[in-house]
Every structure is written in structure tokens, then in C-alpha cells.
Amino acid sequence: MSLQSGARRALRQALVSTRPHLHHHQTPKRISPSPLPSAKYFTTSPRFLKDEETSGKEGQYARTDHTIQVSYPGPSSSQLPPTDNLVKGIGHGGVPTLPTFSLQGKVGVVTGGARGLGLVMGQGMVISGADLAIVDLNKEEASKQAQLIVETFKRDNPTAARLPKITTHYADVSSPESVVSCIRDIVAAHGKIDSLVTSAGFTENFEAVSYPFDRVQKLWGVNVDGTWLFATEIAKHLIERKAKGSMVFIGSMSGAIVNVPQPQAPYNAAKAAVRHMAASLAVEWAKYGVRVNVISPGYMLTALTQKILDDNPDLKEKWTSLIPQGKMGKPEDLMGPVTFLLSDASSYVTGADLRVDGGYTCT
Ligand SMILES: NC(=O)c1ccc[n+]([C@@H]2O[C@H](COP(=O)([O-])OP(=O)(O)OC[C@H]3O[C@@H](n4cnc5c(N)ncnc54)[C@H](O)[C@@H]3O)[C@@H](O)[C@H]2O)c1
């Protein structure tokens with residue numbers, strides 16, 4: 001047994017031993033995020049509330065047990081990272097960099113951009129010069145964040161000749177009608193679309209034998225159909241315009257490895273599908289000048305996971321022990337990779353899977 005597989009086995013045992021033993025006939029109790037996040041993630045005996053009881057609530061799609069509610073922590077303004085270390089030189093001519101990394105003149109779309117990874121990648125696109133359309137189920141939060149990104153940009157670039165144009169749009173990415181109408185709105189607002197980042201997605205944990213099939217369909221609907229619908233509709237727009245374009249699908253390292261101990265087979269399968277969808281579309285659309293790549297993040301600390309893990313230092317310690325860099329990723333770690341893949345700096349890169357996981361999948 002290798003050192004790594006030994007470490008994985010030890011981790012699996014440690015985490016499974018923290019897992020509460022719920023029986024299928026038991027109704028899970030409401031529990032606060034602390035001190036049992038494992039109950040939230042690993043329970044296999046969910047009791048579902050009706051849609052009207054949960055709709056509009058944080059994490060409604062990603063919650064295995066709908067009686068558990070973990071609020072997104074902090075005010076909207078705390079979700080964006082500090083930009084001081086990012087903007088030095090950008091637009092000021094202070095730090096030389098390849099001009100091909102710029103997204104100036106491009107219009108980017110980010111799905112699931114109201115929060116989490118999508119929000120921060122969207123901000124990275126704006127800092128790199130793009131105009132942005134943020135798409136999300138939660139349009140209200142998207143609009144608050146859009147305003148904050150513009151305010152931050154103004155503060156960081158007081159002499160900028162032009163402010164970025166950021167619009168927000170409602171869509172349920174798993175609905176073909178909703179996607180078509182959303183893309184029509186974006187083109188009406190911006191005149192065109194050049195790039196796409198698909199970050200709308202969610203995960204949840206059930207053992208396969210007790211995974212309700214309607215939940216599997218919902219998960220594939222958002223993660224897989226949602227990626228397909230946005231990509232194909234925007235490809236039609238690019239092909240019609242005879243314009244080059246670049247797409248980045250947000251996959252996951254779970255598309256290449258199986259995380260332990262949390263059971264999440266449909267999510268892993270969905271992310272593997274997203275990865276191979278990107279490679280297939282990259283080949284099919286190369287003749288149109290449309291590039292398609294994947295970013296596969298590892299364990300990332302969004303505001304939500306930060307809060308859960310801060311309350312559970314042992315769990316954090318165990319997870320990070322498997323990451324060669326010894327730490328979880330930050331959303332801003334995706335700013336550079338997404339900018340690279342959307343920009344002309346990567347013009348000969350298509351069909352690639354860029355893993356941003358601190359080395360996790362190497363072991
Ligand atoms: N956070 C991680 O550690 C991690 C690791 C690997 C991959 N990922 C992937 O990155 C992506 C973003 O994850 P996150 O952690 O930022 O999640 P998040 O829950 O913080 O953000 C997801 C956003 O997508 C939106 N959304 C969900 N369903 C939607 C739908 N049907 N239509 C439109 N918008 C919808 C949500 O409203 C939310 O704003 C997901 O695809 C996820 O699988 C995350």
C-alpha cells in the first residue's frame with residue numbers, strides 16, 4: 001500500500017467514524033452548522049420539505065437534508081476578495097505583462113455568478129478588461145454583487161476612462177426556454193457575447209442505493225444540461241457572427257477522482273460528463289474558432305465552506321492533509337486560470353482540463 005493510499009484510508013476511517021448513524025426511518029434533526037457538518041454532508045436518510053417551504057433559501061439545491069439550513073455568512077460585501085494585490089499595475093502600466101492576457105473589448109457571461117466561485121471569476125474577468133453578464137437564479141444577489149464589483153473597480157482605477165458594463169440576468173440553466181430567453185437579453189444589453197464560464201452547479205451526498213431519482217435528475221439537469229444548453233446556444237450566436245470565442249466549463253476534480261468518504265456518484269459522473277463534453281465540443285467547434293476548456297477545481301474555500309470548516313478545525317485538518325500544497329484553494333485562485341483560458345494568450349489551447357487543486361489529483 002502506498003503512503004498516499006494509506007493516508008486516504010486513514011482519512012476515510014476518521015471521517016466515517018464522525019458520521020452520525022441515522023436509520024432510514026428516523027427523521028433527521030435540525031442541526032446547526034456546528035459542530036456536525038458531516039451530518040449535513042453524509043446523511044443518507046433525508047426528509048424533504050415541500051418546495052414552497054425551501055424555495056429561495058440559501059443552498060436549497062445543494063442540501064441533502066432540507067431541514068438543515070446553513071446561511072451564507074456575512075454581508076454581500078464580504079464575498080469579494082481584496083483586490084489590492086491584483087490591480088497593481090493593471091491599467092496603470094506599472095507591471096509589464098503579455099497584452100494577450102487582456103480581455104479588453106470582450107463580453108463574458110458567467111452562469112452561477114451571484115456568489116461563490118462564479119462571482120469571483122466574474123470579478124477577475126472584469127479586472128482583466130471584460131464587460132460581464134452575470135446569470136443566476138438569484139438575480140437580486142447578482143445585482144448587489146455587480147454593483148460592488150463596479151464600486152471596487154472605480155476605487156482601484158480612479159483614472160479609468162471607462163467603467164466596465166456589468167448586467168445581471170435571471171436564468172434557470174437547466175431550462176431550455178429560460179436559457180434561450182436569457183441569452184437573448186444578454187445580446188440585447190451588450191450587442192454580443194465572446195466568452196462563457198459555466199459555474200452554476202451544486203453537489204449533494206446520498207449513497208447511490210438510496211439516492212432519490214428525481215434528485216439525480218435535478219443534479220444532472222443543472223450541472224450537465226445547464227452546461228450543454230448555455231454552450232450550444234452561445235456557440236450558435238458565435239457561429240452566426242463568424243466570431244471567435246472561448247468557453248470555460250467549471251468541472252471538478254471529482255470528474256477525475258472519487259472523493260472520500262462522502263458518497264456523491266451522480267455529481268462525480270456529472271463532472272466527468274462536463275469534462276468530456278468540453279473535449280468533444282472543442283473538436284467539433286475548432287473549425288469555427290470556438291475554444292472549449294475545463295477548469296477542475298479541488299476543495300475550494302468559499303464563504304460557506306469557510307464557515308463550516310472554521311467551526312470544525314479537525315475536519316479541515318483532515319481534508320487538507322490530502323492536498324500536497326497543504327491548504328484548500330481560494331476562489332481568487334481561479335481568477336488567473338479563467339483569464340488565461342478566455343484570453344488570446346491561450347489561443348492554441350482547446351479541449352484541455354486545467355486542474356486547480358493544489359496537486360490533489362496527482363496523488
Ligand atoms: N466550492 C468548491 O469547493 C468546488 C470545487 C469543485 C468544483 N466546484 C464547482 O464550481 C461551481 C460553483 O460552485 P460554488 O462552490 O461557487 O457554488 P455556490 O453554491 O456558492 O454558487 C453556485 C451559484 O449557482 C447558482 N445556481 C444554482 N443552480 C442554478 C440554476 N439552476 N440556474 C442558475 N443558477 C444556478 C446559485 O444560485 C449560486 O449563486 C459548481 O459547478 C461546483 O460544482 C466547486
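The values are calculated or read from the model by the stated rules, or taken from the named source; none is laboratory data. All values derive from a computational prediction rather than experimental measurement. Here the Cβ positions follow ideal geometry from the backbone for every residue, glycine too, while neighbour counts run over all protein chains shown.
Points worth noting:
- Residues within the range 123-154 that are within 24 Å of LYS244 (Cα to Cα) and more than 11 Å from the ligand (Cβ to nearest atom), tallied: 11
- Any hit, the range 283-293, residues being under 15 Å from the mean Cα position of the chain (by Cα), within 16 Å of the ligand (Cβ to nearest atom) and under 27 Å from LEU98 (Cβ atoms): yes
- Residue check, ILE186 within 14 Å of the ligand (Cβ to nearest atom) and more than 17 Å from MET277 (Cβ to Cβ): yes
- The set of residues from the range 244-264 being of a type in the set (A, V, I, L, M) and near the ligand (Cβ under 9 Å from one of its atoms) comprises ILE250, MET253.
- Hits in the range 134-169 (condition: without any contact (Cβ under 8 Å) to a residue 60 or more places away in the chain and touching a Cys at 6+ places or on another chain (Cβ under 7 Å)): HIS169
- Those residues of the range 101-110 which are in contact with a Leu (Cβ under 9 Å, 6 or more places away or on another chain) and farther than 12 Å from THR168 by Cβ, in sequence order: LEU103, LYS106, VAL107, GLY108
- Pairing each residue of the range 299-318 that is at negative phi and within 13 Å of the ligand (Cβ to nearest atom) with any residue that is assigned to a helix (DSSP H, G or I) and among the small types (Gly, Ala, Ser), provided the two are 6+ apart or on different chains, yields C-beta distances under 7 Å for THR302/GLY116; ALA303/SER78.
- Selection status of VAL173, farther than 26 Å from GLN306 by Cα, modelled with pLDDT of 95 or more, within 16 Å of the ligand (Cβ to nearest atom) and among the β-branched types (Val, Ile, Thr): yes
- Single unsatisfied condition, VAL274 versus (1) buried (at least 16 other Cβ atoms within 10 Å of the Cβ); (2) of a type outside the set (Gly, Ala, Ser); (3) within 16 Å of the ligand (Cβ to nearest atom); (4) assigned to a loop (DSSP other than H, G, I, E, B): (4)
- Condition met for VAL126 (within 13 Å of THR111 (Cα to Cα) and not polar (S, T, N, Q)): no
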